[in-house]
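Have a look at the structure below before the remarks.
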Amino acid sequence: MSLIYKGQNLYVDNTPIRSIAKKNITPFYIYSYKKMRANYQTFYNYFKKVNPIICFSVKSNSNVSLISELGKLGSGADVVSEGELIKALKAKIKPNKIVFSGVGKTEEELRAAIKSKVLLINIESESEARLIDKISKKMRRITSIGIRLNPGVDANTLSKISTGKIDSKFGLPKSNFLSFCRNFKKFKNIKIKGVSVHIGSQITSVGPYRKTLDVLYKIIKSSRINFEYVDLGGGFGIPYRNKEKKIDIKNYSKLVDIFKKKLNCKIIFEPGRFIVGNTGTLVSKIVFIKKNGNKNFIILDAGMNDFMRPALYNARHNIIPVLKLKKRINGNVEFVGPICESTDSFIKYKSYSLLNENNFVAITNVGAYGSSLSSNYNSKPLASEILVKKGKVKIIRRRQKISEII
Ligand code: LLP
């Protein structure tokens, strides 16, 4: 984590959060550039031998400044909508480093992707291929596509973020994949260049990835197509709390290296969470503290509209004080948001250090699927986003104005 205490005060790298919180309306997201760069480089180094194209998965964090910083480090982008495509282009990611995924791309979105000449449009149905062929013909283009395979592999992750099982909506099942490979020649305006897979997110063991590589190898051989690119998707899990298991990426990279050599193809990855998950913190102010029953409710100005993962997936993200006091609160503590829903609750503790109204707290490890999943529910404006880079504090998205949502 990029957060450390110096004395009682919480810092992002070398910058004290309290001084930023006093100058900006809470809640706000704050990111560490240093951590993001380190994560990117760690990922790259694991796969150095494979020399992959790393396409940062924009859905995990779609802030244009962050995408642009990653672009400067060498990253491409994995996008799933016209909005994400435009953001990636605005962040100066080259089209030949952009892959376009998604199960339900609209005609408008496909047209935008074809027009920008992205590296691959990863198709997920024959109907999509037909539509791409039709649009490409009208535009007098030959469009490069990848075929997303549904490998029928259980990623052993939360069921709500698992995508590779046979009954999930994603990709083409093996038999359809092969029949598509046999028949695609009827589409004159598309060129099959790649195959892609993505089996789920927050994956913490290599087993599912190994199975996927086996399935992929066999099906590529049976298809008799020399795919130039194999896009292995994302999904790399991160430890959210102390003692949580870490995925052994080094071990996986050895398997990918062998796989690549056997097939003589280029490898693409689409990591999201691994790159940004532990770089972000949501800073929030305590609005009120009250006791109901035997619980101390700490009511924050951040809610499920700002950060959805606990309400949506029962995800646990630690909350830590921005100023840590030695005294403790007696009894159970529950951190909740202001939204009128019982699921608007972040986390419970059996004991906690003393907090007062108007104190600041930090919700940790929220860099991935934090701001990108936030909404205007209860007509609350979107929070601002701040980047700490080399000691400088920069607003990389200003807080939305209420007038903008009316
Ligand atoms: N590629 C594809 C095709 C994807 O669908 C995803 C994520 C990724 C790459 C990036 O996966 P990552 O490396 O970040 O695991 N909102 C959920 C996660 C949903 C993931 C959706 N797809 C959460 O907060 O846990």
Cβ charges +1 (Lys, Arg) and -1 (Asp, Glu), total dipole of the chain, debye: 1180
Pairing the Cα long axis of helix 33-46 with the longest principal axis of the chain, what angle in degrees results, from 0 to 90 and rounded to the nearest 10? 40
Per the charge dipole of the chain (beta-carbon charges, Lys/Arg positive, Asp/Glu negative, Cα centre), the residue among V103, V256, I347 reaching farthest to the positive end is V256
Given a 1.4 Å probe and every protein chain left where it sits, what share in percent of the accessible area of the range 33-275 is carbon and sulfur? 49
Calculate the radius of gyration of the Cα atoms of the range 33-275 to one decimal place, then report Dmax, the largest Cα-Cα distance, as a whole number, both in Å. 17.0, 55
Cross-link pairs K72/K392; K35/K87; K115/K185 - those with Cα-Cα distance over 20 Å: K35/K87; K115/K185
Taking just the C-alpha trace of the chain, give me its Rg and Dmax in Å. 22.5, 73
For the range 33-275, size of Cβ-based charge dipole, Lys and Arg +1, Asp and Glu -1, in debye: 700
Out of all DSSP beta bridges in the chain, what portion is antiparallel? Express it as a percent rounded to 5. 50
Solvent exposure of the range 33-275 as accessible area per residue, Å², 1.4 Å probe: 46
How long is the range 16-170 along each principal axis, judged by its Cα atoms, biggest number first, in Å? 56, 38, 37
Between the range 50-94 and the range 255-321, the Cα center-to-center distance that results, in Å: 19
Rounded, prolate or oblate: which fits the range 349-406, taking a ≥ b ≥ c as square roots of the Cα gyration tensor eigenvalues, rounded meaning a/c under 1.5, else prolate when a/b beats b/c? oblate
Can you give me the convex hull volume of the Cα atoms of the range 221-305, divided per residue and expressed in Å³? 186
Placing each pseudo-label 7 Å from Cα in the direction of the beta carbon, E126 and Q400 end up separated by a distance in nanometres of 4.1
Under a cut-off of 12 Å between alpha-carbon atoms, report the aspartates and glutamates in cross-link reach of K266, not counting same-chain residues fewer than 8 places apart. E228, D231, D257
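The values are calculated or read from the model by the stated rules, or taken from the named source; none is laboratory data. No experiment lies behind these values; they were computed from the predicted model shown. We place every Cβ from the backbone using ideal geometry, glycine too, and count neighbours over all the protein chains shown. Calculation scope for accessible area: heavy atoms of the full protein, side chains included, ligands and nucleic acids excluded. Shrake-Rupley method; radii C 1.70, N 1.55, O 1.52, S 1.80 Å.
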